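Enquirer: Below you'll find the structure I mean.
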Amino acid sequence: MKRQRGESAARIAFGAFDSLATLVAVLDADHRVVFANAALEDALGLPRRLVEGTLLVDWFQDGASLVHALDGLERNAYAALRYEAQLRRTQREPLPVHVIVTRAEAPHRAVVELVPLEAQVRKEREERLVDQAAANKELVRNLAHEIKNPLGGIRGAAQLLDLELSTPALRDYTQVIVHEADRLQGLVDRLLAPHRSPQVVGDVNIHEVCERVRTLVLAEYPAGLSIQRDYDTSIPEFRGDREQLIQAVLNVVQNAAQALAERRARGDALIVLRTRVARQVTLGSHRHRLALELHVIDNGPGIPHSIKDRVFLPLVSAREGGSGLGLTLAQTFVQQHQGLIECESAPGRTVFKIVIPLP
């Protein structure tokens, strides 16, 4: 009974750690686990009641580093220590983790945070994508400021000049200037579109979005392209801007269809739309119990290595004549739904994964 009261008190005191995506253990002066959060429970494959009360060092391939870190913490040799280790797991391969040992606010307590190295890499990649989006917004503002006003002047001057010219051949040149100014104005307007239009939020069924996109793309490419469905029909509706999401998915699927030009000519171009539910997903610094994953998979040549890390930047395109805005706008629309688009590509298989939190 006394132990149960102690466990209950620890869960009340440290229950906030359950909302973290990283693995957390709170230790007593004897290095025994007094609290294990839900993420650590999942990683070890054991209920926390079997973890709490054990020596944390026993869960490591080499516990000597943890003992050294905890001893140093008790001697006030440092406030925190970081190192890498291998976490033992029940009937699974050891998990490589980044270990952070710090002193807890409660007396004679230490907090050990374990960040799976794979999760660390993913977090860094997501942070880069978020930073890219922020840089994109700044680029858009600069483009709008530096291009829009001069374009208006160029177009107006060309129109005035056109009225003064009597030679049809010379007037053709002014029409070219007006046409190209209008084209650049359209490019700037497309860049600004996501930041101008407010979201129209309602209930969204992701499969209705996919079906609308599938119909549009097959109408544009009626020959040589097959778009297969692989849907998890149990995915619930969620709140979002349906038109924004249609545009985001359409941009990704159109990008895939354009990359399949050679396979379309041979008649074996394939795009797969696959939906799944992911559990315990971390996007940025937030952990979500459930998330929608929409995979857009194609059997094209893959993204050139030279632009693979920059595909979501504006004006970056592997296609001759491409504006390089489709994926930029898609990423912006998905991020406005607290989600993210990731990409993995190799010759013969490219996957764009759209992840959006579910309620």
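Enquirer: What number, in percent, do you get for the relative contact order of segment 202-357 if the mean sequence gap of Cα pairs under 8 Å and at least 6 apart is divided by its residue count?
Expert: Details: 295 pairs, mean separation 35.5, N = 156.
Result for segment 202-357 is 23 percent.
Enquirer: Something else: Applying the Karplus parametrisation 6.51 cos²θ - 1.76 cosθ + 1.60 with θ = phi - 60° to the phi angles of segment 225-242, what ³J(HN,Hα) value in whole Hz is obtained for each residue in order, glycine and proline being reported as x?
Expert: These are the phi-based 3J(HN,Hα) values: 10, 10, 10, 8, 9, 9, 9, 9, 6, 7, 5, x, 5, 9, 7, x, 9, 4 Hz.
Enquirer: In a solvent-free Debye calculation with one equal scatterer on each Cα, what is log10 I(q)/I(0) for segment 2-117 at q = 0.09, 0.10, 0.14 Å⁻¹, listed in the order of the q values?
Expert: With no solvent term, the Cα-only Debye profile gives -0.21, -0.25, -0.51.
Enquirer: Once amide H atoms are placed 1.01 Å from N in the peptide plane, what residues at a sequence separation of 5 or more from residue 34, or on another chain, have their amide H within under 5 Å of its amide H?
Expert: Distant-sequence amide H within range of residue 34: 26, 27, 28, 53.
Enquirer: Hey, another quick one. If the only charges are +1 at each Lys and Arg Cβ and -1 at each Asp and Glu Cβ, what is the size of the charge dipole of segment 2-117 around the Cα centre, to the nearest 20 debye?
Expert: Details: 14 positive and 15 negative charges, 66 e Å.
Value, rounded to 20: 320 debye.
Enquirer: Continuing with this model, one more query. So what J values fall out for segment 326-337 if you push phi through Karplus, 6.51 cos²θ - 1.76 cosθ + 1.60 with θ = phi - 60°, rounded to Hz, Gly and Pro as x?
Expert: So the Karplus estimates, Gly and Pro as x, are x, 6, 4, 5, 4, 4, 4, 5, 5, 5, 5, 9 Hz.
Enquirer: Going by average Cβ density within 10 Å per residue, which order do the peptides 53-62, 253-262, 147-156 take, highest to lowest? Let's see the in-between values first.
Expert: Details: 53-62: 16.1, 253-262: 19.8, 147-156: 13.6.
Peptide ranking by packing, descending: 253-262, 53-62, 147-156.
Enquirer: Another one. List the residues, sorted by chain then number, that are 5 or more residues from residue 325 or on another chain and whose placed amide H is less than 5 Å from its amide H.
Expert: Placed amide hydrogens put 315 under 5 Å from residue 325.
Enquirer: Still on this structure, please answer the following. Which order do the peptides 239-249, 300-310 come out in when sorted by mean C-beta neighbours inside 10 angstrom, highest first? Mind dumping the intermediate values first?
Expert: Details: 239-249: 21.2, 300-310: 14.6.
Going from most to least packed, we get 239-249, 300-310.
Enquirer: At a 10 Å Cβ-Cβ cut-off, how would you order 210, 343, fewest neighbours first? Intermediate values should be presented prior to the final figure.
Expert: Details: 210 22, 343 18.
Sorted ascending by nearby Cβ count, the order is 343, 210.
Enquirer: Between residue 30 and residue 286, with labels modelled 7 Å along Cα→Cβ, what's the label distance in nm to one decimal, could you check?
Expert: 4.2 nm
Enquirer: Kindly work out what percent of the DSSP beta bridges joining two residues of segment 207-346 are antiparallel, to the nearest 5. Let's see the in-between values first.
Expert: Working: 12 of 18 bridges.
Percent antiparallel among DSSP bridges in segment 207-346 is about 65.
Enquirer: For segment 202-357, take the alpha-carbon Rg, divide it by the Kirkwood Rh, and send me Rg/Rh. Intermediate results must be reported in sequence, preceding the final value.
Expert: On the way: Rg = 15.0 Å, Rh = 15.8 Å.
Reported Rg/Rh (Cα atoms, Kirkwood Rh): 0.95.
Enquirer: Short version: ³J(HN,Hα) in whole Hz for each residue of segment 55-64, in order, from phi by Karplus 6.51 cos²θ - 1.76 cosθ + 1.60 (θ = phi - 60°), x for Gly and Pro, what are they?
Expert: Each residue of segment 55-64 in turn: 7, 4, 4, 5, 8, 10, 4, 10, x, 4 Hz.
Quick note: the coordinates plus some simple rules give every number you see, no bench work behind them. All values derive from a computational prediction rather than experimental measurement. Using ideal geometry, Cβ is built from the backbone for each residue, glycine included, and neighbour counts are taken over all protein chains shown.
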